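The values are calculated or read from the model by the stated rules, or taken from the named source; none is laboratory data. Remember, it's a predicted structure, so these values are computed and weren't measured experimentally. Backbone-built Cβ (ideal geometry, glycine too); neighbour counts: all protein chains shown. For the accessible areas, the whole protein counts, side chains as well, though only heavy atoms, and no ligand, DNA or RNA atoms are used. Shrake-Rupley method; radii C 1.70, N 1.55, O 1.52, S 1.80 Å.
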Amino acid sequence: MSDDLEVRTVAAVERAFAILEAFNQDDITLSLAELAERTGLYKSTILRLIQTLERVGYIGRTAGGDYHIGPRPLRLGRLYQRAVSKEDVIMPALQRLVEVTTESAGFHVRFNDRRLCLYRVDSQQPLRDHFKPGDELPLGRGAAGVVLSAFTEPDDARFADVRQDMVAVSRGTLWPDMGGVAAPVFNADGKLEGALTVSGPATRFDDAAVAQFKPILLSSARDVTAALGGDISMFERALGKPR
């Protein structure tokens, strides 16, 4: 294969993926014009690529002529879910958060009217909080508890800012001398999977530290959500990178 042909082939693959990535949880069907607007591709280019995508089952068409994701990705998604466990995705993310922030990192899930620490990686600093996997904690208190409440109680106006910003901050709401920052993680069904959090002494969670931690945590939550097959568009907006 010549270099020029190889470049054109790779570009075609990237454009095909751009078409598939244009769909999200809120927009499961798109018109040709909407696909062109979202991908930046010419309609003629989209039509040419979509013919192939439709033929191999990656794109389908509604009775009205709009497009939607076809059945083929479902098989790939199931294979991915069988190959990769949630722990395989979440634990490395927690380890990276500890390395970057030097604070402890955890993953919490809602458990009835409580929250449960499911995974945890401790900071190497001698002064830290002492959650461990299996601990049950109050819901709605602490950054992770607020995130879990905000995204499982969508009509509660108290958490509107958290749902908008995709991040919660706490200082002294769970324990007087402790602080934390948390962000949600979503699964392929668009449902809340849990909350990623970094936590430690409140003295290390002043405004400057929180401003530094927020984009780090949002990026990590976005990456975990993507690895679980979830929609990352809300994270992109929160990070100032609209899709």
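Cα extents for the range 117-161 along the principal axes, largest to smallest and rounded to whole angstrom: 39, 20, 14.
Surface exposure of the range 48-104, expressed per residue as accessible area with a 1.4 Å probe, stands at 65 Å². Length gained on full extension, LEU32 to ARG75: 12.9 nm, using 0.36 nm per residue less the C-alpha separation.
Mark the label point 7 Å from the Cα of ALA12 along Cα→Cβ and return the residues of the range 36-71 whose backbone N is within less than 19 Å of it. Only 41-59 pass the distance filter. The order of PHE131, PHE205 by accessible area, most exposed first and with a 1.4 Å probe, is PHE131, PHE205.
Note down the net charge around THR62, summing +1 for each Lys or Arg and -1 for each Asp or Glu among other residues with Cβ under 14 Å from its Cβ. Kindly include the intermediate steps, with their values, before the conclusion.
Numbers: positive: ARG61; negative: ASP27, GLU34, GLU54, ASP66.
Every neighbour counted, the sum reads -3.
Would you work out if the range 29-99 is rounded, prolate or oblate? Take a ≥ b ≥ c from the square roots of the eigenvalues of the alpha-carbon gyration tensor; rounded if a/c is under 1.5, else prolate when a/b is larger than b/c, oblate otherwise. Can you show the working numbers first?
Numbers: a/c = 3.41, a/b = 1.98, b/c = 1.72.
It comes out prolate by the Cα gyration axes.
Computed over neighbours whose Cβ is under 15 Å from that of ARG115, the net charge equals -1, Lys and Arg +1, Asp and Glu -1. Rolling a 1.4 Å probe over the protein chains gives GLU99 an accessible area of about 140 Å².
What order do you get for 190-196, 29-35 when each peptide is scored by the mean count of other beta carbon atoms within 10 Å, highest first?
Values: 190-196: 21.9, 29-35: 15.7.
Going from most to least packed, we get 190-196, 29-35.
Its alpha carbons give the range 72-148 an Rg and a Dmax of 15.0, 50 Å. Accessible surface for SER44 stands near 80 Å², nearest 10, in the context of the full protein assembly shown (1.4 Å probe). Straight-line cross-link reach from LYS214 at under 17 Å between alpha-carbon atoms covers these aspartates and glutamates, not counting any fewer than eight positions away in the same chain: GLU99, GLU103, ASP161, ASP165, ASP206, ASP223, GLU236. Just the accessible area for LYS132, please: 1.4 Å probe, Å², rounded to the nearest 10? Only protein atoms counted, so the area is about 120 Å².
Counting only alpha carbon atoms, the long axis of helix 207-227 and the longest principal axis of the chain meet at about 40°.
Among TYR67, TYR42, TYR119, the order of accessible area from largest down is TYR42, TYR119, TYR67, computed with a 1.4 Å probe on protein heavy atoms. Calculate how steeply helix 3-21 sits against the longest principal axis of the alpha-carbon atoms of the chain, using the helix alpha-carbon long axis, and give the answer as 0 to 90 degrees to the nearest 10. So the helix axis and the longest Cα principal axis differ by about 60 degrees.
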